[in-house]
Structure formats: C-alpha cells, structure tokens
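Please read the structure below before turning to the comments.
The values are calculated or read from the model by the stated rules, or taken from the named source; none is laboratory data. Model, not experiment: these values are computed from the prediction. Because the Cβ atoms are built from the backbone with ideal geometry, glycine has one as well, and the counts that use them run over all protein chains shown.
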Amino acid sequence: MIKSTGFFQLIIVFMIILAYQNNALGQGQKYYLGYNLWYQNPDKVLSLNPKLGKYLPAGVEVDQVRTRGGGTPMISFRVVKMDRRFIVHVQSKYHKGIKFDDFKNALIQTKNFQELTAGLSRMEIDNILAGKVQPGMSRRAVLLAYGPPAQHRTPNINATKWAYWTKSTSRPFEIVFDSNGLTTTAGQEDGSMVETGDDHLDTEVDTEDTSPPVIVILDPPIARGMKPKLKEKSVVVRGKATDPSGVFEVLVNNVEANLQADGGFWAEVFLAVGENQITVKATDTRTNSTQQTFAIIREAEVGAPPIATVDKSSTFSFGLGKYYALIIAVQDYADRAINNLEHPIKDARMLKSILISDYTFEPQNVILLENPDRTAIMNNFEDLSKKVTKNDNLFVFYAGHGFWDERFQQGYWLPSNANKDTRTQWISNSTIVDYIRGIQSNHTLLVADACFSGGIFQTRKAFSDITPAVEHVAKYPSRKAMTSGTLKEVPDRSVFVEYMSKRLQDNREKYLTSEKLFISFKDAVINNSPIHQIPQFGEIRQCGDEGGDFIFIRR
C-alpha cells in the first residue's frame with residue numbers, strides 16, 4: 001500500500017495555491033488530466049511518467065474514472081475523444097510516503113486546459129502543449145508539462161531541483177529552478193536538463209497510432225457553459241493541435257486553417273448576427289481525426305449606418321473611364337544601414353494579379369515597380385500625369401520602408417537607393433500629395449503599407465456619417481488614402497495587405513467602394529497584427545476631393 005508522509009500533500013497544497021486543485025468525483029462533473037501523461041501501453045501507464053512513447057495532454061477530458069487498491073494500486077479512465085481506456089499503475093517504490101488519494105487528485109482534475117493554464121505566459125502554454133520544459137518556466141508550468149517529480153529522487157516539492165526521466169534517454173535528469181522559481185540554465189546547452197544517474201527503465205514502445213489529435217482552443221477564450229459575445233463581424237480562432245504522428249491539417253468550419261510546424265493554427269471566421277457554431281477539426285498524418293465545436297454570438301449593431309449596395313444587374317448611366325494602377329514594392333536597399341524586407345514584392349505581385357484577374361484593370365494599365373529607385377518612381381508619376389484623364393481612375397500602392405521626421409513633421413517613402421544619412425533620394429509625403437493633386441483623375445486611391453504611413457493625412461475624417469449610394473460616390477471626384485498604420489512602425493509581414501487582398505478576392509459585389517473595402521478588413525488587421533497596428537482611411541486634403549469614392553468594379 002502507498003503510505004502517507006506528506007510529499008504529495010505538498011503537491012496538492014501547491015496546486016491549491018496555483019488554483020487548480022481537483023474536487024471529489026461526482027455525478028455530472030467533467031474531469032480532465034491534471035498534467036501531461038506519457039504512455040507506451042494504454043493498459044500499463046507508469047505513474048513515474050517517464051517521457052517515452054506518446055503523451056496524453058494536460059486538460060484532455062476523461063470519464064469513467066475507477067480506482068483499485070491492493071498490492072499495485074491502479075487508476076483507470078477513458079479519454080473521451082479517443083474513446084480509449086488507460087490504466088495507470090502506481091509504482092510504490094517511486095512514491096514512498098504518498099497517499100493514493102493525493103496521487104489521484106493530482107492526476108484527475110475538474111479544470112479544463114484553459115482553466116489549468118490561466119495566468120501562464122504564452123511561452124509556458126506552448127511548451128506545455130508540446131510536452132517540453134524550457135528555461136523561464138515556473139514550477140506550476142513544469143507540473144503541467146511533466147507532472148509531479150519522482151518523490152524518491154525529489155523528496156521536497158520546494159527543492160531547486162526536480163528529478164524526471166526523459167524520452168531521449170532512460171537515465172533521470174533534473175529540472176533546475178532559480179531563486180525566482182523559474183527554470184534556468186543548468187550545465188547543458190539548452191539549460192533545462194541535467195542527467196544525474198544510472199536508473200534504467202525497461203520499456204516497449206507502442207508504434208501503432210490510432211488516436212486522433214488533441215485540440216486546444218486558445219482564442220477566443222471558451223468557458224464551459226458560456227458563449228462568447230462579440231460585436232465584430234469576424235473572429236480569429238486560434239489554437240493548437242498536437243499528435244505524436246504529426247498534424248496533417250486543421251479545418252475551421254470546413255475551411256483549411258493556417259497551420260504552423262508546432263501545431264499552432266489560426267483561421268478567420270465571418271460571423272452572422274446571432275449564434276454561430278464554430279467547428280474545429282484536426283487530422284493527423286495517419287488520417288485519425290477529431291473535432292471540437294463551440295458557439296459564438298455576434299451581437300446586432302444598434303443604429304448602425306447603412307452600407308451602400310447596388311444590384312449586380314444595375315449599370316451606371318455614365319462612363320467610369322479606364323482603371324490605372326501604379327504598384328511600388330521596395331524590399332532590397334543599396335544602403336546596408338537600411339534593413340532589407342522580405343515580403344513587399346510578393347505582396348505587390350499578388351495584388352497586381354487580383355486587380356487584373358478580378359477587377360476592371362487591364363494589364364497594359366497596371367505598372368509594377370520592383371525595387372525602384374527614386375527616379376523610376378518619379379518618372380512613372382510623370383507619365384501618369386500625362387496619361388490619366390478626368391474620367392479615369394488611379395490606384396497607387398506602396399510597400400517598403402517609411403520614415404517620419406518629427407522635426408520637419410514630414411513623412412517619407414524610401415526607394416531602393418535611399419541613404420540613411422541623407423534625404424536627397426527620399427520621397428516626401430508632400431511630393432506624393434503634389435502628384436496626386438496634379439493627376440487629373442476622377443478618383444484616386446492611395447494605399448501605403450509602410451512605417452509611419454499615416455503621416456499622409458494632414459487632417460482626416462475617417463468616415464462619413466452615412467455611406468451614400470454608389471452612384472453618388474462615383475459621380476463626384478475623390479482623393480482617398482488607406483494606410484497600414486498611424487505614425488508608428490509596422491511589421492515586415494503585412495497583415496494589412498493580406499486581409500485587404502483577401503477581401504478583394506472574396507468580394508462578390510459588382511461595385512465595391514474603397515470605404516466599404518476598408519471597413520471589411522480593418523478589425524481583422526487590428527486583431528491579428530503582432531504590434532496592434534491600427535489602419536487608417538480618409539481623404540487627402542487639398543487635393544480636389546469632393547466627397548466621392550474610388551469604386552472597384554468586379555469583372
């Protein structure tokens with residue numbers, strides 16, 4: 001029998017302090033694993049929890065919990081999503097002095113993964129999901145990632161070293177904590193593990209994989225019995241799918257999500273007003289699948305202004321002229337003091353393809369400049385000033401470095417031949433505005449994806465009180481601008497261009513105003529930007545804007 005001397009009582013007290021103590025088993029209560037539990041044979045899971053074979057993740061739902069005392073105490077349970085029973089054999093020689101009930105209460109919890117990990121950092125949560133321990137993790141995070149340490153090697157839970165067994169070697173190693181209770185470097189390159197002895201574990205690895213991935217929803221936060229309420233028109237679902245064989249794909253409402261190498265995934269879901277069912281399905285490389293469904297409620301807007309729509313069969317009684325586009329992408333700079341970028345040219349090529357294939361931009365009227373110098377950009381503005389008529393429409397796009405000079409209160413684009421120490425080859429916002437004023441188009445839309453691009457607006461009214469009919473905004477001249485941010489830096493990988501391009505591709509309306517386009521992706525940029533950038537939209541003052549708007553016409 002397992003005797004009681006208090007070691008695991010310390011574990012339980014520690015868990016109480018960290019807010020994830022288990023309640024007694026009862027009818028109608030849901031139960032979850034309290035930490036990652038490794039196994040090779042489901043019928044013989046070792047209580048020592050050696051890091052061998054596969055693991056059941058912390059927070060996975062279990063039921064049908066049974067216990068058995070006697071010479072070799074056991075705890076059995078069924079993993080709900082796998083529909084498979086596991087039996088944990090409590091190895092007394094490794095847990096001398098531990099009460100059986102304390103062990104069970106540490107293993108079987110009443111809190112799901114979100115509740116177990118509440119308050120932990122994203123780094124700690126990612127490592128728990130991956131079954132890893134890295135420097136900088138707290139004792140609580142280590143308990144979730146590796147489970148309680150072996151008591152025969154770690155008699156005190158407050159010790160600075162905890163003993164475990166690794167999946168890469170059968171010998172024990174130690175997790176070392178610093179004075180702040182965080183894992184720290186301890187003799188090896190990764191700074192988290194030190195082999196300490198010759199204790200050997202005889203194991204037989206189970207190579208068959210018939211278990212599906214485990215899905216954990218990280219965002220939006222899903223609490224039991226609660227349905228998140230949002231006012232946004234879309235939500236980005238983020239989570240993690242883990243499986244020993246590797247995750248093949250994740251679908252969110254039958255649309256493939258963006259999947260990372262570590263199993264992290266995200267997908268944007270458009271919401272109807274009212275209750276929306278969100279289903280996340282994950283499949284591993286052995287074609288085992290599982291899914292998780294939850295509900296999100298989109299609240300109706302009160303007193304929202306109407307958005308202009310036009311029947312697809314309707315036509316304007318006046319011509320809209322030709323559509324011209326000047327697309328500028330700068331990512332390689334001659335001056336080594338200016339960091340090169342990775343994504344502008346790729347983004348620009350994608351945008352060019354969308355304009356030509358989906359909208360009324362003819363190929364001969366779309367100019368793409370890749371890594372142009374200042375002269376090339378100026379020459380193309382000059383050519384457009386001679387070519388574009390008062391019935392035509394001009395779309396200008398810039399992706400590259402930008403700079404805001406606080407002293408001169410002036411923003412700049414940096415062409416490929418820009419020099420960090422002199423402005424002679426930079427292009428000022430005032431120069432760009434001069435060309436936009438001088439080009440006699442009916443509608444001009446400037447889109448800038450660059451740091452400090454918001455400086456193009458001297459004054460700005462973001463939106464009119466009511467969006468007028470498309471016929472109205474087509475009739476009156478406009479000089480509008482969209483920028484990826486305000487007077488702040490923006491990331492190289494642009495979620496601004498990504499979501500703008502996606503909305504252009506997904507649009508099915510015949511006529512799409514630039515204001516309506518901006519409204520459709522603004523929140524997605526704010527919610528998914530790593531630096532919380534806030535895109536801007538408005539008129540470019542003193543350039544001839546008379547209240548109209550640029551209209552994209554779908555083919």
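Couple of notes before you dig in:
- Checking G71, G147, G136 one by one, the residue that is under 33 Å from the mean Cα position of the chain (by Cα) and either more than 28 Å from N288 (Cα to Cα) or at pLDDT below 85 (or both) is G136 and no other.
- Close pairs (6 angstrom Cβ cut-off, 6 or more residues apart or separate chains): of a type in the set (F, W, Y) in segment 236-261, surrounded by 16 or more Cβ atoms within 10 Å (Cβ to Cβ) anywhere: F248/T283; F248/D284
- Any hit, segment 281-298, residues being in a strand (DSSP E or B), without any contact (Cβ under 8 Å) to a residue 12 or more places away in the chain and surrounded by fewer than 19 Cβ atoms within 10 Å (Cβ to Cβ): no
- Applying the condition of being modelled with pLDDT under 80 and over 11 Å from N442 (Cβ atoms) to segment 474-487 and asking which residue is surrounded by the most Cβ atoms within 10 Å (Cβ to Cβ) yields S484.
- Among the residues making up segment 239-261, a single one is surrounded by fewer than 17 Cβ atoms within 10 Å (Cβ to Cβ), within 13 Å of the chain's Cα centre (by Cα) and in a strand (DSSP E or B): N258.
- Any hit, segment 262-269, residues being at pLDDT below 85, under 30 Å from Y39 (Cβ atoms), more than 17 Å from the chain's Cα centre (by Cα) and surrounded by fewer than 19 Cβ atoms within 10 Å (Cβ to Cβ): no
One line per residue, one yes/no per condition, for (1) in contact (Cβ under 8 Å) with a residue 12 or more places away in the chain; (2) out of contact with any Leu (no Cβ under 9 Å at 6 or more places or on another chain); (3) outside the structural domain of W165 (by TED's automatic domain parsing):
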site: N41; (1), (2), (3): yes, yes, no
site: V45; (1), (2), (3): yes, no, no
site: L48; (1), (2), (3): yes, no, no
site: P57; (1), (2), (3): yes, no, no
site: E61; (1), (2), (3): yes, no, no
site: D83; (1), (2), (3): no, yes, no
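- In this structure, L46 does satisfy being at pLDDT 80 or above and among the hydrophobic types (A, V, I, L, M, F, W, C).
- Scanning segment 131-145 for residues that are of a type in the set (V, I, T) and either surrounded by fewer than 24 Cβ atoms within 10 Å (Cβ to Cβ) or more than 18 Å from Q109 (Cβ to Cβ) (or both) yields one hit, V133.
- Qualifying positions in segment 350-400 - among the hydroxyl-bearing types (S, T, Y) and in contact with a Leu (Cβ under 9 Å, 6 or more places away or on another chain): Y359, T360, Y398
- Selection status of I128, within 17 Å of N36 (Cα to Cα), among the aliphatic types (A, V, I, L, M) and buried (at least 22 other Cβ atoms within 10 Å of the Cβ): yes
- Summed over segment 415-430, residues that are closer than 23 Å to R479 by Cβ and either free of Cβ contacts under 8 Å to residues at least 12 places away in the same chain or under 36 Å from the mean Cα position of the chain (by Cα) (or both) total 5.
- Residues that are in a loop (DSSP other than H, G, I, E, B) and at pLDDT 75 or above, drawn from segment 158-179: N158, A159, T160, D178, S179
- Taken residue by residue, segment 457-471 has at least one member that is touching a strand residue (DSSP E or B) at 6+ places or on another chain (Cβ under 9 Å), in a helix (DSSP H, G or I), at pLDDT below 80 and crowded, with 17+ Cβ neighbours inside 10 Å.
- Which listed residue is more than 31 Å from the chain's Cα centre (by Cα), under 23 Å from G538 (Cβ atoms) and modelled with pLDDT of 90 or more, from N442, N391: N442
- One residue from A118, A106 being surrounded by fewer than 16 Cβ atoms within 10 Å (Cβ to Cβ), in contact (Cβ under 8 Å) with a residue 60 or more places away in the chain and in the same structural domain as V60 (by TED's automatic domain parsing): A118
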